[in-house]
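Here the structure is laid out as structure tokens; the discussion comes afterwards.
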Amino acid sequence: MKFYMMTDLEGVAGVYQWESGSTDTSLENHERRCRQRIWLAEEVSAAVDGLYAGGATAVLVNDGHGAGYTIDLDHLDPRAVIIHGQQRPFWLPFLDETCAATGLVGAHAKAGTEGANLYHTMSLDIRDWQFNGISLGEMGLQAAIAGHYGVPFALCTGDAHACKQAEDLIPGVVTAPVKYGTSRLSALSCSREEACNRIRAAAEQAMKVIDDIEPFKLQSPVHFRDERVEPTFDEEDPGEFTVLDAHTREMEADDIIELMYKIYSYPRDWRPLNFQPAWLRKSS
Amino acid sequence: MKIYVVTDLEGVAGVYQWENREDQSLENMERRLRQRRWLAQEVNAAADGFFSGGATDVWVNDGHGPGYTIDMSLVDSRLRIFHGGQRPDYCTGLDETCAGLASVGTHAKAETPPGNLYHTMGTSIRNYSLNGISVGETGYQAFLAGHFGVPFIFCAGDAYACREMEELVPGCVTVAVKEGLSRLSAKTVHPLKSREMIRQGAEEAMKRIGDIEPLKLDPPIVFRCEFVEPTLDPDNPPPDKRVIDTHTFEIEAGDMVDFMNKMYGFDPDYTPVWKTYRPVN
Ligand SMILES: [Zn+2]
Ligand SMILES: [Zn+2]
């Protein structure tokens, strides 16, 4: 039973502001970032522990925030296998039909969710992303990719606004709100200990309800609408999109995977290596 | 039974990006210190496995960057470490007294996408070959060991590096602690897990020593280096080098040691002090 866990930083208890990586080189900011990476690792570890307690046999953790290297590995449960780094061959590599379920730790609400802490979709310039007319944030997009492979989205931890969005989209999903966004830059947060306790319990529960959750699958073809805050698109140079106006473009693809390849121009020839050292191969 | 270990940083579990030795930010410093610790801990794990498998000595060549990357404070007390720059030869102490050569923190050779941080020596090199056989850094060391009759027995690092070494040296034991997804991303096991896997693999490698052929080349040795960019002036060939074109040079040598001396200008008469001096008391 392999569980695929996406992670983000904005929905971690104790984090309330945007991570300022390159612009603020102060000691204060450095210390805060180090601390928040540990908190993220603790929440991921709590989830890993709960998932194992609930019957998972493998947990793949996608270090998804920012530069893709935010989880403090020295504070992470060693049972986790980690995907990290940049220029990845796909947003959620290895999320496929071999996974029993997927979930998200450190979730923030989607773009435009007034009152939510640090709400956004992918980046701050996106006003809204819609798929077949359904507005989806990062959580919803992950659920749709998993749904393509028949994998249910079973666990969401983070801002209560994000948890509510998960429940609205996916009946039966197990959530663990670890903070309650009160504005984009403020939140009522659980203590670190309570946050981890909630996450551990929710993760264990999620493993028990996997079979009751319908995978979230988008009908084919998938129609994508990309709305931006600022004028961004050039009608003269639409690329593979249909540019409606400077703020809006659309695209259609056979399915969500094909759509992701088109949006991000991922290398289509990438495949996992599946290398097994000779001394560990079972002699046939 | 002495095992000689060459280490690198790029193939250590938890490391995914190039080490930046210029960036003086706190963030970068903190990351580098942490990665040096992870390297030391993988080295310790390998050594521990070698000792359990029967090794009596483990000598470690701190091979990454300026040659001072392993966190010495954490090194297992049974080990000896070669470190520093301007070294007198390529793998000081690697000779016929060694029972096996091993590699920890290994990355794949140049032009191995999507291996994590693949390169050969530097990113300016497209390929190294020895008598027509393409080699990365680790293959290059394996041929040097072979000159002394020493087999390459163990490789820990990126799955692409492990595959490369298994193809070059049938029978060697490899431990893939990560798999490159692109040059700058990887799927990795946790550093604690990598140590466990490395320890096991290293112990297993000790059992295979007698079964693994040392890599040998028929003399003369023809080494070929191809650069990515035009780099060489055919009218001004460097000493001992044959410039084929602006991208390519060759070195012809009697054996691997002679080749290394020609390649790097080492003194052929160099003898390490531990071979000649013993304290009187
Ligand atoms: Zn984020
Ligand atoms: Zn290196």
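The values are calculated or read from the model by the stated rules, or taken from the named source; none is laboratory data. Quick caveat: nothing in here was measured; it's all calculated off a predicted structure. Quick reminder, even Gly has a Cβ in these numbers, built from the backbone with ideal geometry, and neighbours come from all protein chains shown. Surface accessibility is based on the protein's heavy atoms, side chains included, excluding ligands, DNA and RNA. Shrake-Rupley method; radii C 1.70, N 1.55, O 1.52, S 1.80 Å.
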> Within region A:112-134, can you find the residues that are away from ligand 1 (no atom under 12 Å from the Cβ) and assigned to a strand (DSSP E or B)?
Replying inline: A:126, A:127, A:128, A:129, A:130, A:131, A:134
> What tally of residues in region A:17-67 results from selecting those that are more than 16 Å from ligand 1 (Cβ to nearest atom), in contact with a helix residue (DSSP H, G or I) (Cβ under 7 Å, 6 or more places away or on another chain) and among the acidic types (Asp, Glu)?
Replying inline: 2
>> I'd like the residue in region B:100-145 that is of a type in the set (Ser, Thr, Tyr) and within 14 Å of another protein chain (Cβ to nearest Cβ) and, out of all such residues, is most open to solvent (accessible area, probe 1.4 Å).
In response: B:118
> Restricting the search to region A:235-265, which residues are out of contact with any helix residue (DSSP H, G or I) (no Cβ under 7 Å at 6 or more places or on another chain), surrounded by 13 or more Cβ atoms within 10 Å (Cβ to Cβ) and either assigned to a strand (DSSP E or B) or of a type in the set (Ser, Thr, Tyr) (or both)?
Replying inline: A:242, A:243, A:244, A:248, A:249, A:250, A:252, A:261
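Would you confirm whether any residue within region B:45-55 is within 16 Å of ligand 2 (Cβ to nearest atom) and under 26 Å from residue A:85 (Cβ atoms)? It would help to see each step written out before you state the result.
In the first step, residues of region B:45-55 are kept if they are within 16 Å of ligand 2 (Cβ to nearest atom); the result is none.
No, region B:45-55 contains no residue that is within 16 Å of ligand 2 (Cβ to nearest atom) and under 26 Å from residue A:85 (Cβ atoms).
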> (1) of a type in the set (A, V, I, L, M); (2) crowded, with 22+ Cβ neighbours inside 10 Å; (3) facing another protein chain (nearest Cβ under 9 Å): which one isn't true of residue B:169, the others all being true?
Replying inline: (3)
>> Return the residues of region B:146-165 that are open to solvent by 10 Å² or more (accessible area, probe 1.4 Å), in contact with a helix residue (DSSP H, G or I) (Cβ under 9 Å, 6 or more places away or on another chain) and either modelled with pLDDT under 95 or within 14 Å of chain A (Cβ to nearest Cβ) (or both); say none if nothing qualifies.
In response: B:164
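Tell me which strands (runs of 3 or more DSSP E) are completely within region B:175-281 and hold 3 or more residues being closer than 30 Å to residue A:267 by Cα, or say none if there are none.
Working: elements: B:185-189, B:221-227, B:242-245, B:248-253.
In region B:175-281, B:185-189, B:221-227 are the strands (runs of 3 or more DSSP E) which contain 3 or more residues that are closer than 30 Å to residue A:267 by Cα.
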>> Suppose we filter region A:62-97 for residues that are within 8 Å of chain B (Cβ to nearest Cβ), open to solvent by 10 Å² or more (accessible area, probe 1.4 Å) and outside any loop (DSSP other than H, G, I, E, B); how many remain?
In response: 2
> Identify, please: which residue in region A:4-42 is within 13 Å of chain B (Cβ to nearest Cβ) and among the hydroxyl-bearing types (Ser, Thr, Tyr) and is, among those, surrounded by the fewest Cβ atoms within 10 Å (Cβ to Cβ)?
Replying inline: A:23
> Across region B:174-216, which residue is most open to solvent (accessible area, probe 1.4 Å) among those that are at the interface with another protein chain (Cβ under 7 Å from one of its Cβ atoms) and among the hydrophobic types (A, V, I, L, M, F, W, C)?
Replying inline: B:192
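Among the residues in region B:56-72, are any within 14 Å of chain A (Cβ to nearest Cβ), over 17 Å from the mean Cα position of the chain (by Cα) and over 25 Å from residue B:207 (Cβ atoms)?
The first filter runs over region B:56-72 and keeps only residues within 14 Å of chain A (Cβ to nearest Cβ), leaving B:71.
Remaining after also requiring over 17 Å from the mean Cα position of the chain (by Cα): B:71.
Checking which are over 25 Å from residue B:207 (Cβ atoms) leaves us with B:71.
So far as region B:56-72 goes, yes, one or more of its residues are within 14 Å of chain A (Cβ to nearest Cβ), over 17 Å from the mean Cα position of the chain (by Cα) and over 25 Å from residue B:207 (Cβ atoms).
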> In region A:121-133, how many are touching a residue at least 24 places away in the same chain (Cβ under 8 Å), at negative phi and not basic (Lys, Arg)?
Replying inline: 7
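Condition (residue is of a type in the set (Lys, Arg) and crowded, with 21+ Cβ neighbours inside 10 Å) applied to region B:10-33: is it met by at least one residue?
The answer is no, given that none of the residues of region B:10-33 is of a type in the set (Lys, Arg) and crowded, with 21+ Cβ neighbours inside 10 Å.
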